[in-house]
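Reading through the structure tokens given below for one structure.
The values are calculated or read from the model by the stated rules, or taken from the named source; none is laboratory data. Note that the structure is a prediction, hence the values are computed from the model and not measured. With ideal geometry, Cβ positions are generated from the backbone for all residues, glycine too; neighbour counts draw on all protein chains shown.
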Amino acid sequence: MKYEFLDIVVADIAFDAYGENLGELFENAGEAVSASMIDIDKLDTDERKKLEFEGEPEEMLHDFLCELVFLKDSEQLFFKEYQAQIKDNKSKITCKGSKLDLTKHEVRNDVKAVTYHEYKLERTHKGWKARVVLDV
Amino acid sequence: MTSEEILKKIKQIDEFRWELPATFKDGMRVPGRIFATEKLLKQMDDRVFDQLSNVACLRGIQKYAMAMPDAHSGYGFPIGGVAGMDPKEGVISPGGIGFDINCGMRLITTPLKVKDVQPKIKELIDHLAETVPAGVGREGIVDLDKDEFKNIMKQGVKWCVENGYAYKDDLNSTESYGCIEGADPEKVSEKAIKRGIDQVGTLGSGNHYLEVQMVNPGAIYDEETARKFGITSTDQIVVMVHCGSRGFGHQVASDYLKVFDKAMEKYKITVRDRELACAPFESSEGQDYYKAMACAANMAFVNRQVILHQVRKAFNKIFEVPMEDLNLVYDVAHNIAKLETHKWEGKKRQLLMHRKGATRAFGPGHEEIPEQYREVGQPVIIGGSMETGSFLLAGTQGAMDETFGSTMHGSGRTMSRTQAKKEIKGEKLQQRMKKEGIYVHATSMSGLAEEAGFAYKDIDEVVNTLDLCGVTKKVVRLKPLGNLKG
């Protein structure tokens, strides 16, 4: 399973994302944020963005997800495919998607922020797991 | 702790007041005070009490940490949470303000009656949907460069007066006269500017809305105060707006949460919840956040004012009402921190008030209330769910004495968004509301289902609780006719 949405917060959106390695976890968490905002099946992949972060994995993941929320408002960009490379507290993520076209795309939620509420990134016996709560 | 165990620890003071004792959790500096009927108390999720007790642990908190009857759990503070901090000793916490800085309500009176508006309600709401951008990805109606956006941050509604989006009287009818002092755009990130510059004059999404309402038959509770607020008959049409500082405020909050997360070590502050990250108000980080928060708050006042301008134009176009005949009753912030002077234990003291999902409710005579309302108390606007109705109230001396001049903000959710969507489809809800005489224009059907009336607490019980406590006084109950949902 890449991610699952949870019904644990009264007013907002929560999900758990999984990955066999950190790169996969970042990709799946990115997709979960996208899927909470828009119907990703209807997105094209004509826009590309390269994002880079530095720091502890937990902070890099939070920064990365915050950037997706920022790009939603600042450039109306939404992504459906992510490729992440994570090494030595540095991450490079290539994101593919498209600009919002209100005639084609169905927006699901206007995410305000990636919170720290119950936020965690942890190792599991299968790899990695993150819990994320989004303020909508 | 189970729900039963928590409830056992809460001490009942009287029918509407409960105390979460300072012994509930290690580190509580003051007790918690909950305003609720027994039913509303039991409807609050357990996290409310956990979060309230965490707030009571914050440095500099005075008297008690408060939860209003509409409280539900949030991030850091509960929604419906109020805390007054000593500005010299205490902290400022973005978690006590919320991501949507200066989310708030405004109420506008019209000279029209139900018989004038009801036959054209669909035309009106659909026209507003075209002229007030709602939902994701719709650009605002004010074209701004960066310098002009910074002027908005500094000046608030004064900018609107100078640029033709407001009448001078609108300034008097906005909390803090439409401008929180101390705003400094240099404390705002480039990212926040990029996120918000195109969003001035947009409603946003989620639970934000623009609603055309009528005064409920037989529901003018205080005729004299209602008249002062501009409401003279039960079939009068009014307009209510609920929105905030959009992506701009969300980014300011997100930026400073990270700043405070790192600053806490420097100031040797520990908190039980990362969303309660904070810094001493007088520290450089605390001051920077306050100055940036003021920028976002001023942008939110402007955002709601520009929407009012669009509402005036719409009524002028469809009903040929002169624009100046739509009067702003008041605009209140319900996600904000402010420096205020309060009197208790016989002394006047300055407090840094945090109100998150809570509204200022100053009583009669307070010098910060505009002259036209000073005799009756500050107007307080309480938005219910789209289906059930809303209230116009007045602040009281009771609020000054008991809650540092604060009250609830709405009805408060009881059901998660996910559960609400399981219970009803948006299309079905839209049909049901149509039968009840409410026309809804929604940008998203699933988003509409999330806002169903049953997902919220009983607005009458919430409002009555603080009315009977003597904190706010009921003036008028309002009923929706048409709703533009963000």
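Summary table
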{"item": "Conditions (1) surrounded by fewer than 17 Cβ atoms within 10 Å (Cβ to Cβ); (2) assigned to a loop (DSSP other than H, G, I, E, B): number failed by B:Glu148", "result": "(2)"}
{"item": "Some residue of the range B:325-335 being among the acidic types (Asp, Glu) and within 15 Å of B:Glu181 (Cβ to Cβ)", "result": "no"}
{"item": "Yes/no for B:Glu451 being surrounded by fewer than 21 Cβ atoms within 10 Å (Cβ to Cβ), within 14 Å of chain A (Cβ to nearest Cβ) and touching a residue at least 12 places away in the same chain (Cβ under 8 Å)", "result": "no"}
{"item": "Residue satisfying all of: in the range B:206-261; small (Gly, Ala, Ser), more than 19 Å from the chain's Cα centre (by Cα) and part of a loop (DSSP other than H, G, I, E, B); farthest from the other protein chains (Cβ to nearest Cβ) among these", "result": "B:Ser233"}
{"item": "Filter pass, B:Thr202 being within 14 Å of another protein chain (Cβ to nearest Cβ), hydroxyl-bearing (Ser, Thr, Tyr) and either free of Cβ contacts under 8 Å to residues at least 24 places away in the same chain or crowded, with 24+ Cβ neighbours inside 10 Å (or both)", "result": "yes"}
{"item": "Filter pass, B:Asp50 being surrounded by fewer than 24 Cβ atoms within 10 Å (Cβ to Cβ) and within 14 Å of another protein chain (Cβ to nearest Cβ)", "result": "yes"}
{"item": "Residue that is farther than 30 Å from B:Lys25 by Cα, assigned to a helix (DSSP H, G or I) and within 23 Å of the chain's Cα centre (by Cα), where the choices are B:Val311, B:Val329", "result": "B:Val311"}
{"item": "Residue check for B:Ala71: at pLDDT 95 or above, more than 16 Å from the chain's Cα centre (by Cα), within 14 Å of another protein chain (Cβ to nearest Cβ) and under 26 Å from B:Met240 (Cβ atoms)", "result": "no"}
{"item": "In the range A:1-22, the residues that are among the aliphatic types (A, V, I, L, M) and under 23 Å from A:Lys112 (Cα atoms)", "result": "A:Leu6, A:Ile8, A:Val9, A:Val10, A:Ala11, A:Ile13, A:Ala14, A:Ala17"}
{"item": "Residue list for the range A:23-58, restricted to those being of a type in the set (Ser, Thr, Tyr) and closer than 21 Å to A:Lys112 by Cβ", "result": "A:Ser34, A:Ser36"}
{"item": "Selected residue [in contact (Cβ under 8 Å) with a residue 12 or more places away in the chain and buried (at least 23 other Cβ atoms within 10 Å of the Cβ)] from B:Tyr221, B:Tyr256", "result": "B:Tyr256"}
{"item": "Residue match in the range B:112-126 (condition: in contact (Cβ under 8 Å) with a residue 60 or more places away in the chain, in a strand (DSSP E or B) and within 23 Å of B:Leu351 (Cα to Cα))", "result": "no"}
{"item": "Tally of residues being without any contact (Cβ under 8 Å) to a residue 12 or more places away in the chain and acidic (Asp, Glu) across the range B:403-440", "result": "0"}
{"item": "Candidates B:Arg59, B:Arg47, filtered to the one that is assigned to a loop (DSSP other than H, G, I, E, B) and more than 19 Å from the chain's Cα centre (by Cα)", "result": "B:Arg59"}
{"item": "Residue match in the range B:274-287 (condition: more than 14 Å from every other protein chain (Cβ to nearest Cβ), in contact with a helix residue (DSSP H, G or I) (Cβ under 8 Å, 6 or more places away or on another chain) and buried (at least 24 other Cβ atoms within 10 Å of the Cβ))", "result": "yes"}
{"item": "Among the residues listed as A:Ala17, A:Ala35, the single one being assigned to a helix (DSSP H, G or I), under 25 Å from B:Gly74 (Cβ atoms) and at pLDDT 95 or above", "result": "A:Ala35"}
{"item": "Lone unmet requirement of (1) surrounded by 20 or more Cβ atoms within 10 Å (Cβ to Cβ); (2) at pLDDT below 95 for A:Met60", "result": "(2)"}
{"item": "So B:Thr341, is it surrounded by fewer than 24 Cβ atoms within 10 Å (Cβ to Cβ), in a strand (DSSP E or B) and among the polar types (S, T, N, Q)", "result": "yes"}
{"item": "A:Glu4 being over 15 Å from the mean Cα position of the chain (by Cα), within 14 Å of another protein chain (Cβ to nearest Cβ) and at pLDDT 95 or above", "result": "no"}
{"item": "Residues located in the range A:38-64, provided they are free of Cβ contacts under 8 Å to residues at least 60 places away in the same chain, farther than 20 Å from B:Gly137 by Cβ and in a helix (DSSP H, G or I)", "result": "A:Glu59, A:Met60, A:His62, A:Asp63, A:Phe64"}
{"item": "Hits in the range B:17-46 - residues which are basic (Lys, Arg) and either over 30 Å from B:Ser283 (Cα atoms) or buried (at least 18 other Cβ atoms within 10 Å of the Cβ) (or both)", "result": "B:Arg17, B:Lys25, B:Arg33, B:Lys39, B:Lys42"}
{"item": "Condition met for A:Phe79 (buried (at least 20 other Cβ atoms within 10 Å of the Cβ) and closer than 28 Å to B:Lys262 by Cα)", "result": "no"}
{"item": "Check on B:Lys42, away from every other protein chain (no Cβ under 14 Å) and in contact with a strand residue (DSSP E or B) (Cβ under 7 Å, 6 or more places away or on another chain)", "result": "no"}
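Okay, residues lined up against (1) more than 9 Å from chain B (Cβ to nearest Cβ); (2) buried (at least 23 other Cβ atoms within 10 Å of the Cβ); (3) over 15 Å from the mean Cα position of the chain (by Cα):
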| position | (1), (2), (3) |
| --- | --- |
| A:Val69 | no, yes, no |
| A:Ser74 | no, no, yes |
| A:Asp88 | yes, no, yes |
| A:Ser91 | yes, no, no |
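For (1) crowded, with 24+ Cβ neighbours inside 10 Å; (2) of a type in the set (Ser, Thr, Tyr); (3) within 19 Å of B:Arg272 (Cα to Cα), each residue gets a yes or a no:
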| site | (1), (2), (3) |
| --- | --- |
| B:Ala65 | yes, no, yes |
| B:Asp70 | yes, no, no |
| B:Gly80 | yes, no, no |
| B:Lys88 | no, no, no |
| B:Ile97 | yes, no, yes |
| B:Ile108 | yes, no, no |
